[in-house]
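Asks: Below is one structure. I have some questions about it.
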Amino acid sequence: MMKLTIAAANHISSYMNKARGDIIGINISMTTNGCSGWMYKMEAAYTVPGKDEGLAFISRNIMIFVPIKDHEYLKGTEIDYVKEGLNEGFKFDNPNVEASCGCGESFSLKLNTAAIEYGDIKGVPV
């Protein structure tokens with residue numbers, strides 16, 4: 001399960017209301033990138049993923065879709081939207097992160113990635 005703070009939900013809701021098209025929620029996934037190995041990817045969701053592709057969660061009336069392959073990496077993550085000086089953006093508080101790079105853009109994980117790569121995940125499909 002993933003959770004949004006009030007600030008994150010308000011920011012996403014505002015974006016969804018202003019955007020063109022029928023956004024039904026957000027897709028949150030991970031991609032290999034950066035100096036520590038992994039980065040978050042957040043995009044508008046226009047369709048519900050297939051039952052073999054992703055899991056769905058609702059937090060503060062926002063639908064969150066997560067690929068099955070990334071669920072174990074993201075389980076327990078809380079997403080906040082923060083403003084620090086002139087900078088603002090989403091902040092991921094992920095209990096599965098072992099370390100972050102110096103710039104804070106990428107991270108490494110505590111989990112056994114072999115189990116995830118071979119689909120050994122228990123979850124509820126969409």
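Asks: With r as the distance between the Cβ atoms of Ile6 and Thr31 and R0 = 25 Å, compute the FRET efficiency 1/(1 + (r/R0)^6) and round to 0.05.
Replies: 0.35
Asks: Once the dipole of the stretch 1-87 is set up with Lys and Arg at +1 and Asp and Glu at -1 on Cβ about the Cα centre, which of Thr32, Ala45, Ala19 lies farthest towards its positive end?
Replies: The one lying farthest along the dipole's positive direction is Ala19.
Asks: How long, wide and thick is the stretch 3-117, going by the Cα atoms along their three principal axes, in whole angstroms, largest first?
Replies: If we take the Cα atoms of the stretch 3-117, the spans are 42, 37, 20 Å.
Asks: How would the stretch 11-60 be classified by its alpha-carbon gyration tensor: rounded, prolate or oblate, with rounded meaning a/c under 1.5 and the a/b versus b/c comparison settling the rest?
Replies: On the way: a/c = 2.25, a/b = 1.42, b/c = 1.58.
Here the stretch 11-60 falls in the oblate category.
Asks: Just to verify a number: FRET efficiency for Ser14 and Met39, C-beta to C-beta distance, R0 = 35 Å, to 0.05?
Replies: Numbers: r = 24 Å, r/R0 = 0.69.
Computed FRET efficiency for Ser14 and Met39 comes out at 0.90.
No value in this document is a laboratory result; all are computed from the given coordinates. In this text, all values refer to a predicted model and were calculated from it rather than measured experimentally. Glycine gets a Cβ as well: all are built from the backbone with ideal geometry, and neighbour counts include every protein chain shown.
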